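Q: Supplied in structure tokens, the structure appears directly below.
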Amino acid sequence: MKRKPMTLTVAFLSVLAFCSNGAETTRIIRDAAELTATMWEGNKDVPFDLTATVILPLRATQKLYAVKDETGTAILNKGDAKECALQPGDRIHVTGTCNFDAMCKTIAVLSHGDIPRPEEITATGITEGRYDNHFVRLIGTVRDAFRDEIDPLWGFLVLQSGHESVYACFPSSDPEKALLNNLIGAEIAIIGLCSTKITKPRLLSGRYIFFSERDAIAVLRPAPADPFDVPSLYETSHTHHSIVSGMDRRRVAGRVIAVWHGDRMLLRTPDQHIVRVDLADRNPPTYGTSIEAVGIPETDLYRVNLSRAIWRTNSIPEDAEAPPKDVTAKQLLTDWRGMSVVQTEYHGQAIRIKGLVRSLPSPEGTYSRMALECGKYIIPVDANACPRALDGIDIGCTIEVSGTCLIEIDNWRPNAPFPHVEGLALVVRTPTDVHVISHPPWWTSGRLLSVIGALMAVLIGVFAWNRSLNKLAERRGRELLREQIEHVKSDLKVEERTRLAVELHDSLAQSLTGVSMEIEAAKELKGNAPADMLSHLNFAARTLMSCRNELRNCLWDLRSQALEEKSMDKAIERTLLPYVNDSRIAVRFDMPRTRLSDNTAHMLLCIIRELVLNAIRHGNASSIHVTGVLDGGELKFSVQDNGSGFDPENYPGVLQGHFGLQGIHERVEQLGGTLNIESAAGSGTRVAISIKVPHQK
């Protein structure tokens, strides 16, 4: 129960806040003064409903209009409102939204009336801000007229009213340019709106009087018919900046001693004054021309200059040109204590200086300069008015340059205690002002880098070509190797086929011929000599058995992979494996397989197989030893068994149907070796063979 007062308080404050927010969201601006204040404060999305009188259109391209009611004035943007013609004096009713600008949604003309009368004011009242957003009329003398460099759709008049200068801005077009220039020097009365909210690019530039039509200007005293009919710059001795800033246009006559930047020049008057003239247009005279110029006086606190000037040729007495004075960069840029300063007394003097060219003007640069190295200092050389003077000049040249010394200084501004010295430059006057003392050596760092770059490019090209050749050689080598392998395979196949043909011809063919002869002999003895016929048939049977064994061996050789073994021990064991039953065979063949060709290894395996089979089949051996050793260039191997043995001088041969030993003899002869048989009845057999082995490369 104690919390109820707090709850009621919170509820009351919530309702109050809601009501306040609702009141804020329903705020509608209904007078011009409040609308202007809202725009300046930057408030957004605030609606307005206003009845006021049109003072004047400000800028047709943006549909801006100035209106006035009892509270003050405001600037309206027609925005999305239906197009309608508004004239000064129209009484209108407008609605819209304030969104930095007063954007109209509806505009209704209520009545037509006379143009409101402006307030008569002074320039002092404008600078003090007493007439902000007021419809005013100001009397003054036109000192200058120009177009805005930031927004070329706007032009400006500079009015001198008393001791104050006031800017009046207007929508500008090229046809109006000449017309307004003719107003320079005239006393006029101008009607417009005093504000700071029209030209957005220059929001911080101060207060202006805005007018939109030529009729807003009334000429009270016309400008001089001759724009050069103005007082001389040196008719007054007052040169204080406050006096100079209030001067009307002034005239000066002299000879051009320097031209730079396309719109600036130095004049030397007959009484030896040096005057800098900034031109209104980029049409400067040439060096040495006698002219008179008219412009607005300004000062850099060293001398009085002219800005936004016009000129015409003039005849003044010829004066003797002083010869250039030889100086150093140190003299120009340091004082007697060695401190860094710019010696302003050289301004406008003809000087000559030597140095090394460190950079040349950029062809793309409009007003770039040459950099001249003089000891530890860099002196800019301006030859834009005489570009031919730099013909034949290269970076690294040692040159001697004559010209006019230029000290570039800003003109005085009210918010700067002293003008800023931008720097020192040497302005070339004629093509003969630049003299080459020596050209740079041919072997420069740039050329060295070029040569190094060319060599690097050649090396890269050679490397790329070498890589390409290597890849081509590798590809061709692989192709040749494949061809050689295929050729070797083909040769091996042919060799193997030839070997098989020879073996089949020498063994099977002859044996089968013998079998055929024995069978024919048996047929002849049919019925007459049964015992002899049986002998012939037995011989034929044994021969056929030998042929079968030989054929089986040939088939095994075709299917055997013993030659793929890396050692002879494994190859021998793999060859004998199908023929060995209970016999114990020991193999110790100390001979590298790589020392033997496939053909030699095959013949050795056939010899060993035949010897082992003879020991098992005919000698009934139970233990067989196969040994081999490489002795120098000879391979010595033997097959020894514990079988029944036989008489080496008297053993069954081809005539008895036994071809094994005969085949062994023939293979040993093909290998160029020797064969020795040691055997006796009942004491086993040892067959020793020796063949030549080629030396390893």
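The values are calculated or read from the model by the stated rules, or taken from the named source; none is laboratory data. Fair warning: this is a prediction, and the values are worked out from it, not measured in the lab. Quick reminder, even Gly has a Cβ in these numbers, built from the backbone with ideal geometry, and neighbours come from all protein chains shown.
Q: For the structure I just gave you, tell me whether Asp382 is under 23 Å from Arg268 (Cβ atoms), surrounded by 14 or more Cβ atoms within 10 Å (Cβ to Cβ) and either in the same structural domain as Glu408 (by TED's automatic domain parsing) or acidic (Asp, Glu) (or both).
A: Numbers: under 23 Å from Arg268 (Cβ atoms): yes; surrounded by 14 or more Cβ atoms within 10 Å (Cβ to Cβ): yes; either in the same structural domain as Glu408 (by TED's automatic domain parsing) or acidic (Asp, Glu) (or both): yes.
So Asp382 fits the description; yes.
Q: If I ask for residues that are at pLDDT below 90 and either under 27 Å from Ala320 (Cα atoms) or among the hydroxyl-bearing types (Ser, Thr, Tyr) (or both), which ones from region 233-262 would you list?
A: If we filter region 233-262 for residues that are at pLDDT below 90, which is where we start, we get 233-250, 261-262.
The answer is Leu233, Tyr234, Glu235, Thr236, Ser237, Thr239, Ser242, Ser245, Arg250, His261, Gly262.
Q: Continuing with the same structure: Here is a list of conditions, (1) within 55 Å of the chain's Cα centre (by Cα); (2) buried (at least 18 other Cβ atoms within 10 Å of the Cβ), and Lys82 meets all of them except one; can you say which number that is?
A: Here Lys82 clears every test but (2).
Q: List pairs: first in region 285-302 and outside any strand (DSSP E or B), second of a type in the set (Lys, Arg), Cβ under 7 Å, 6+ apart or cross-chain?
A: Short answer, once both residue conditions are applied: Tyr287/Arg429; Gly288/Arg255.
Q: Please find, among Gly673, Gly663, the residue that is at pLDDT below 85 and surrounded by 12 or more Cβ atoms within 10 Å (Cβ to Cβ). First the steps, then the outcome.
A: Values: Gly673 fails: at pLDDT below 85.
Just a single option satisfies the conditions, and that option is Gly663.
Q: Could I ask something else about it? Just name the residue that is surrounded by the most Cβ atoms within 10 Å (Cβ to Cβ) out of those in region 22-50 that are in a strand (DSSP E or B) and at pLDDT below 85. Explain how you work it out, then say what you get.
A: Going through region 22-50, the residues in a strand (DSSP E or B) turn out to be 29, 44-50.
Add one more test, that the residue is at pLDDT below 85, and what stays is 44-45.
Working: Lys44: 11, Asp45: 8.
This residue is Lys44.
Q: Okay, moving on. Find the strands (runs of 3 or more DSSP E) located wholly in region 86-157 whose residues include 3 or more that are of a type outside the set (Gly, Ala, Ser) and surrounded by 19 or more Cβ atoms within 10 Å (Cβ to Cβ), and list them.
A: The strands (runs of 3 or more DSSP E) meeting that bar are 91-99, 134-147.
Q: Additional query: So which strands (runs of 3 or more DSSP E) are wholly in region 363-465 and hold at least 3 residues that are out of contact with any Cys (no Cβ under 9 Å at 6 or more places or on another chain)? Even if it seems obvious, please write down each step before you answer.
A: Working: elements: 370-374, 377-382, 398-409, 421-427, 434-438.
Because the criterion is at least 3 residues that are out of contact with any Cys (no Cβ under 9 Å at 6 or more places or on another chain), the strands (runs of 3 or more DSSP E) in region 363-465 that meet it are 370-374, 377-382, 398-409, 421-427.
Q: Please pick out the residue among Thr627, Thr594 that is closer than 24 Å to Thr674 by Cα, assigned by TED's automatic domain parsing to the domain that holds Pro694, modelled with pLDDT under 85 and not in a loop (DSSP other than H, G, I, E, B). First the steps, then the outcome.
A: Numbers: Thr627 fails: modelled with pLDDT under 85.
Matching residue, one of Thr627, Thr594: Thr594.
Q: What number of residues within region 308-336 are among the aromatic types (Phe, Trp, Tyr) and not in a loop (DSSP other than H, G, I, E, B)? Talk me through it step by step, then tell me what you get.
A: Here is the first cut: in region 308-336, the ones among the aromatic types (Phe, Trp, Tyr) are 311, 336.
Retained after the next criterion (residues that are not in a loop (DSSP other than H, G, I, E, B)): 311.
Summing the residues that are among the aromatic types (Phe, Trp, Tyr) and not in a loop (DSSP other than H, G, I, E, B) in region 308-336 gives 1.
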